[in-house]
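The values are calculated or read from the model by the stated rules, or taken from the named source; none is laboratory data. All values derive from a computational prediction rather than experimental measurement. Backbone-built Cβ (ideal geometry, glycine too); neighbour counts: all protein chains shown. Heavy atoms of the whole protein, side chains included, go into the accessibility calculation; ligands, DNA and RNA do not. Shrake-Rupley method; radii C 1.70, N 1.55, O 1.52, S 1.80 Å.
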Amino acid sequence: MSDPGTVVGVVNAGSSSLKFSVFEDGRSLLDGQVDGIGARPGFRAKDSSGAALTGPPLEGAGPANPADALTWILPWLRSQLGRRRLAALGHRVVHGGAAHDRPARVTLALLDELECLCPLAPLHQPFNLAPIRAALEVVPDLPQVACFDTAFHRTMPEVSQAFAIPFAYAEKGVRRYGFHGLSYEHIASVLPKVAPALADGRVVVAHLGNGASLCAMQAGRSVATTMGFSALDGLPMGTRCGELDPAVVLHFLREEGMSVEEVEALLYRRSGMLGLSGVSSDFRDLLASQEPRARFALEVFVHRVARSVGSLAAALGGLDGIVFTAGVGENAAPIRASICEACAWLGVELDPAANAARAPRITTTSSRVAAHVIPTNENLMIARHTIAALATEGALP
Ligand code: ADP
């Protein structure tokens, strides 16, 4: 029997759910999630063949927060591995601030530093960090690595990161960071193999899922992106508004008498596709709906994506390719078609049959700009980073 490879766990914790997976040398062994945390916790997981796995027994009402959820499943995770040994945990952390341009090994000092960034991402950062701190207490010898959604964008030039507000605020952290970095990094890592002509070129990657953003990549490095200070900016999303005149927020506060919490809930949870359509935040529902407002929501989405592709092409000084990825980008052929048609002026010539068949390349061979569909894999990226970070420190056998 061959020796087991390096096994790492990947954790993506949010306010009410904790998603996890286990990789052995880049191959997924199992994945699952605990959801309904703090309300009615539920557990589901499957192995690499897709077979459902029975989770650990619930103790009392179950995990009350994401930290409890991780300490609850850790012994179970290890018990699933047989003779394999869990070498480390890699965590998705939304914010690495201006300083972190790559993943970092977790220490108490790092956690203290990252906790200072919670005001910049109050809906995500505290929930990302709590399970890391819990694991550090419960299993201090298990190495952990924090992988940041912002890190990939630290190559953006200063002009791309600046807001035109008094510069003192930039020093206090009010600047454009960009997100979905692990997804973009994954795409950059596979381009040399799946679209070699684009690997050194000017590419707009469209990460279109529940959350959505675009990244302008020059030779695999981020030079601009649509998300900014927060993951609320840029494209309209499932329930998030995306780019909004900041005076609208002032209007809500002053004229509508809304509280900060009410504005936050409106912009994060009741806007985007859900707010525009009044039907659903899910693109599948919108595509299937006969409601005129559902169609209108999709038109707004396509309009905003196409406008932003033009804006990022300007940042790149031209465009060689577009890559579609994430739930909508990988699966919604009609949305890809509409975006490509709206980008025809840039030299995008859609091949409708290839698009309908979800071919890797969905533009004609004569198209000046090549459009591709490439699946993203943020968890694999985290697993690779975790192994690389440990190898750098000589922490692997
Ligand atoms: P996230 O990771 O941001 O939660 P995903 O990348 O998984 O989101 O994308 C989820 C979205 O992808 C769903 O809300 C749905 O609208 C869309 N989606 C998934 N499959 C399809 C499909 N076959 N056709 C259209 N949209 C789809």
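Observations, loosely collected:
- Whole-number D in µm² s⁻¹ for region 299-353, Kirkwood Cα-pair radius fed into Stokes-Einstein, 4 °C, 1.567 mPa s: 112 µm²/s
- What a 1.4 Å probe finds exposed on the chain is 54% carbon and sulfur by accessible area, rounded to a whole percent.
- Average projection area in nm² (convex hull over Cα atoms of region 46-134, one quarter of hull surface): 7.7 nm²
- Under the convention that each Lys and Arg Cβ holds +1 and each Asp and Glu Cβ holds -1, the size of the dipole of the chain around its Cα centre is about 680 debye.
- Measuring spread by the Cα atoms of the chain yields a radius of gyration and Dmax of 21.4, 70 Å.
- Under the span-like rule (Cα at least 15 Å along the axis, Kyte-Doolittle mean at least -0.5), DSSP H helices of the chain: 66-79, 125-138, 181-194, 292-316, 378-392
- Computed with a 1.4 Å probe over protein heavy atoms only, the accessible surface of region 183-327 comes to 44 Å² per residue.
- Neighbour-limited loop hits for chymotrypsin sites (Phe, Trp or Tyr not before Pro), region 114-197 (at most 15 other Cβ within 10 Å; DSSP other than H, G, I, E, B): PHE163
- Centroid-to-centroid separation of region 315-394 and region 80-142 [C-alpha atoms, Å]: 30 Å
- For region 166-241, the relative contact order is 30 percent, taking Cα pairs closer than 8 Å that sit 6 or more residues apart in sequence and dividing their mean separation by the residue count.
- Contact order relative to length of the chain, as percent, for alpha carbon pairs under 8 angstrom and 6 or more apart: 14 percent
- Free of any GluC sites (Glu not before Pro) that DSSP assigns to a loop and that have at most 14 other C-beta atoms within 10 Å, the longest stretch within the chain is 60-254.
- Taking only the Cα atoms of region 112-246, the radius of gyration and Dmax are 16.5, 48 Å.
- Of the trypsin sites (Lys or Arg not before Pro) found in region 299-397, those in coil by DSSP whose Cβ has at most 14 other Cβ atoms within 10 Å are ARG358, ARG368.
- Straight-distance candidates among the lysines for linking to LYS46, with alpha-carbon spacing under 16 Å and chain neighbours fewer than 8 residues away dropped: LYS19.
- The mean sequence separation of alpha-carbon pairs under 8 Å and at least six residues apart, normalised by the residue count of region 242-340, gives a relative contact order of 17 percent.
- Comparing HIS303, HIS180, HIS207 in a Gaussian network model of the chain, where Cα atoms under 10 Å apart are tied by springs, the biggest mean-square fluctuation is seen for HIS303.
- In this structure region 3-119 gives 47 Å² per residue of accessible area when probed at 1.4 Å with all protein chains present.
- Each pair of Cα atoms in region 246-397 enters the Kirkwood radius, and Stokes-Einstein at 10 °C and 1.306 mPa s then converts it into a translational diffusion coefficient of 87 µm²/s.
- Region 249-293: trypsin sites (Lys or Arg not before Pro) in DSSP coil with no more than 10 other Cβ atoms inside 10 Å: none
- Database remark: amide H of VAL93 closer than 5 angstrom to the amide H of CYS147, PHE148, ASP149 (H placed geometrically; neighbours at sequence offset of 5 or more, or on other chains; Pro and chain starts carry no H).
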